[in-house]
Amino acid sequence: MEYFDLSPYDYLGFPLPMRAVGWLGRRYGVQGAGGAPMTGAELERLRAASRRLGSVTLGWHDCDFCGASEGNGEYRYYLPGGEIYAAPMMILHYVEEHGYRPPVELRDGLRAAGQPRWDWRAERLCAVLLDQSEDPDFRCQAAVDLANWNDPRALDALRRAAHDEDLVDVAGDEIGRSLAAFVDRGLARDLLAEDLHVMVRYGIDDASSRWRPRASHLAADRLRSV
Ligand SMILES: [Zn+2]
């Protein structure tokens with residue numbers, strides 16, 4: 001799948017409007033490669049924002065320029081101004097190996113990003129997550145993306161979703177990964193004692209095991225600074 005940067009994203013259905021970035025291919029080549037390369041700080045911000053993949057059912061995506069093959073899924077960037085950008089997992093490969101330069105809207109947007117404030121996007125994701133008549137895949141993506149908001153309303157919706165028997169069968173692991181983000185932020189420590197579906201528990205454990213090295217690294221830094 002190839003998109004001209006910033007065109008409306010319509011690859012997979014999604015409950016919110018998004019714009020495409022980094023969906024490179026032979027037709028448009030490496031977009032943005034003519035300008036100055038990304039700065040180190042811009043690349044770091046992009047890396048930091050590219051942690052959690054959604055829609056991992058997208059399938060494998062091969063690089064049209066060198067044939068490299070890399071995981072699947074997409075990153076979604078929720079910017080403070082209300083825009084959402086969707087990029088393939090390959091975006092970092094394009095930047096690092098082929099001189100791809102994402103559009104200034106994303107580069108500048110990530111500079112201003114932080115925890116997004118509660119807004120219509122979060123409201124919509126909560127509504128989708130808790131609506132049993134919604135498309136199960138939409139509900140799963142809502143579970144993934146609600147972790148972007150460090151807000152008790154997102155936590156409450158995810159906790160309710162964790163007890164929705166039909167939903168946990170298809171999205172329990174993603175609900176668990178999102179809940180783990182709140183445990184990590186200290187907002188949901190009591191959650192670990194709750195009776196949770198095995199898939200939710202798996203997601204929590206999976207996310208926590210990825211964080212542990214980072215946490216011990218931070219602890220070591222603290223010790224060194226004493
Ligand atoms: Zn490549």
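For GluC sites (Glu not before Pro), the sites in the range 77-181 that DSSP calls loop and that have at most 16 other Cβ atoms within 10 Å are E83, E134.
Where Lys and Arg each count +1 and Asp and Glu each count -1, what net charge lies around S178 among other residues with Cβ under 9 Å from its Cβ? Before the final figure, lay out each step's value.
Details: positive: R52, R177; negative: D145, E174.
Surrounding charge for S178 is 0.
Equivalent-ellipsoid semi-axes for the chain (Cα gyration tensor, √(5λ), whole Å, largest first): 30, 22, 16. Take every Cα pair under 8 Å whose residues are at least 6 apart in sequence, average their separation, divide by the length of the range 91-164, and the relative contact order is 28 percent.
Taking amide hydrogens as placed 1.01 Å from N in the peptide plane, the amide H of A20 sits under 5 Å from those of L6, S7, Y9, A86, each at least 5 positions away in sequence or on another chain. Shape call for the range 19-112 from the C-alpha gyration tensor, a ≥ b ≥ c root eigenvalues: rounded (a/c under 1.5), prolate (a/b greater than b/c) or oblate? Oblate is the answer for the range 19-112, as a/c is 1.5 or above yet b/c matches or exceeds a/b.
For the chain, calculate the relative contact order in percent as a whole number, restricting contacts to Cα pairs under 8 Å that are 6 or more residues apart. Present the calculation step by step, with values, prior to reporting the outcome.
Numbers: 331 pairs, mean separation 34.2, N = 226.
In percent, rounded to a whole number, it is 15.
Rounded to the nearest 500, what is the chain's calculated 222 nm mean residue ellipticity when only DSSP H runs of at least 4 contribute -39500 (n - 2.57) each, over all residues? Per the formula, -15000 deg cm²/dmol. The separation of the range 1-62 from the range 182-207, counted between C-alpha centres, amounts to 31 Å. In a shell of Cβ-Cβ distance under 14 Å around E165, excluding E165 itself, what net charge do Lys and Arg (+1) and Asp and Glu (-1) give? Surrounding charge for E165 is -2.
Backbone phi angles across the range 200-205, fed through the Karplus curve with coefficients 6.51, -1.76 and 1.60 (θ = phi - 60°), yield HN-Hα couplings of 5, 4, 4, x, 4, 5 Hz in residue order; Gly and Pro are listed as x. Counting only other residues whose beta carbon sits under 10 Å from that of Y75, what net charge do I get with K and R as +1, D and E as -1? Charge balance near Y75 sits at +2.
For the range 120-225, the per residue solvent-accessible surface stands at 53 Å², with DNA, RNA and ligands left out and a 1.4 Å probe.
Tell me, what is the percent relative contact order of the range 95-215, built from C-alpha pairs under 8 Å that lie six or more residues apart? The partial results should precede the final answer.
Details: 126 pairs, mean separation 24.3, N = 121.
The normalised contact order for the range 95-215 reaches 20 percent.
Residue separation times 0.36 nm, minus the C-alpha to C-alpha distance between R185 and L6: what's the value?
Working: separation 179, 0.36 × 179 = 64.44 nm, distance 3.25 nm.
Answer, rounded to one decimal: 61.2 nm.
Expressed as a whole percent, how much of the Cα-Cα distance distribution for the range 120-210 exceeds 23 Å?
On the way: 473 of 4095 pairs.
Tail of P(r) above 23 Å: 12 percent of Cα pairs.
The values are calculated or read from the model by the stated rules, or taken from the named source; none is laboratory data. In this text, all values refer to a predicted model and were calculated from it rather than measured experimentally. Quick reminder, even Gly has a Cβ in these numbers, built from the backbone with ideal geometry, and neighbours come from all protein chains shown. Surface areas here come from the heavy atoms of the whole protein model, side chains and all, with no ligands, DNA or RNA. Shrake-Rupley method; radii C 1.70, N 1.55, O 1.52, S 1.80 Å.
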